[in-house]
Amino acid sequence: MRRPLPAAALAAAVSALALGGLTGCSGPRIIPAAAEPLPVPTPVATPSPVPAATPTPAVALPTGDWRDWNVTPGDWVYRQDGRGSIAMYGRPGQAADFTIRCDRSNGRIIFGRHIAAAPAAAMAFTVRTSSMMQELLFQPVAGEPYVAAMLGPRDPLLDAMGFSRGRFIVEGSGLYPLVLPAWAEVHRVVEDCRK
């Protein structure tokens, strides 16, 4: 496990994660018109049934060999900015599920994982590649639905992620695992911090 990072350092390092979400457009959905106009139903006064409270089903985690799991829907997007560079993985128009940032001013690589609700405490995640796995402690990012962890740019996990056979995963803390493709964007950010 890595030692906890100061909250101020994480907040400054990861604040661009939510602001730099993936962008994209999807066209309007076209719904064909009906051949004949549909009849307008006559309103009938009936009491509205009160829906019964149903428990939220637990997330069913995948089983079997992780190398056979479906890749999390989305794509990697690479960008450069004044702080360094960032690779974001997710679907267009939504917050990135996972980010890898080169923060040149601190000489660090920062991982960010999107969480539905801002967590109050650190969360442990395991990053698993085809050659190694490593547990990291992700700290909450103040005011953002992200947790973040920092690594040095020469950490062996970074090379293992970039050269993993097709994919790597980020799993733990009872959340659905992210199955991420090991595309060039991952290594590109790492190399930016090694220059």
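A few remarks follow.
- Test: residue 62 is part of a loop (DSSP other than H, G, I, E, B), in contact (Cβ under 8 Å) with a residue 60 or more places away in the chain, more than 14 Å from the chain's Cα centre (by Cα) and within 15 Å of residue 175 (Cα to Cα): yes
- Some residue of the range 136-158 being over 20 Å from residue 86 (Cβ atoms) and part of a helix (DSSP H, G or I): yes
- Applying the condition of being assigned to a loop (DSSP other than H, G, I, E, B) and at pLDDT 95 or above to the range 74-93 and asking which residue is nearest to residue 159 (Cα to Cα) yields 74.
- Close Cβ contacts (under 8 Å, 6 or more residues apart or on different chains) running from residues in the range 170-195 that are of a type in the set (Phe, Trp, Tyr) to residues that are not in a strand (DSSP E or B) comprise 176/59; 176/61.
- In the range 140-195, residue modelled with the highest pLDDT [restricted to those that are surrounded by fewer than 21 Cβ atoms within 10 Å (Cβ to Cβ) and among the hydroxyl-bearing types (Ser, Thr, Tyr)]: 176
- Residue within the range 89-102 that is crowded, with 16+ Cβ neighbours inside 10 Å and over 12 Å from the mean Cα position of the chain (by Cα) present: yes
The values are calculated or read from the model by the stated rules, or taken from the named source; none is laboratory data. Only a predicted model underlies this, so the values are computations on that prediction, with no experimental measurement involved. All Cβ positions, even for glycine, are placed from backbone atoms using ideal geometry, and neighbour counts span all protein chains on display.
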